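Worksheet for the structure shown next.
Quick note: the coordinates plus some simple rules give every number you see, no bench work behind them. In this text the structure is predicted, and so the values were computed from the model without any measurement. Counting neighbours? That spans all protein chains shown, and the Cβs are built from the backbone with ideal geometry, glycine included.
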Amino acid sequence: MDITALSGLQTGTLDSIKSVTTANQETGTQSDVFGSLLDSAINNLNDTNSYIADANEEQIKLAMGETDNTHDLTIAMQKATTALQYTVAVRDKVLVAYKEIINMQI
């Protein structure tokens, strides 16, 4: 399962967001902080996708009889589950922060 498809973001979209933010960076610490935050979020999504792909690959190997090692499958599934839970938790916190910012009265 590709988690970027779940959130409606494609890899091209993430790359275009990253290129726009790096092209429009101001010389200051605020843009550096945002850029590093965006980079870490993109890396988190890519890592999660790779863990999920590895788990799917291990499932396919076990189903086709190419391996009898259920230990590798269990580890891959746990890594994918933990990474996905972490990504969802971070997304939820970002949405809560966004809603708080939107509801601020100036």
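Within the set of pairs 6+ apart or on separate chains, which have a first residue in region 50-73 that is in contact (Cβ under 8 Å) with a residue 40 or more places away in the chain, a second that is assigned to a helix (DSSP H, G or I) and of a type in the set (A, V, I, L, M, F, W, C), and C-beta atoms under 6 Å apart?
Correct list of pairs: Ile52/Ala80.
Can you name the residue in region 77-106 that is polar (S, T, N, Q) and farther than 24 Å from Tyr51 by Cα and is also surrounded by the fewest Cβ atoms within 10 Å (Cβ to Cβ) among such residues?
Gln105
Would you check which residues across region 74-104 are in contact (Cβ under 8 Å) with a residue 40 or more places away in the chain and among the aromatic types (Phe, Trp, Tyr) and list them?
Passing the criteria: only Tyr86.
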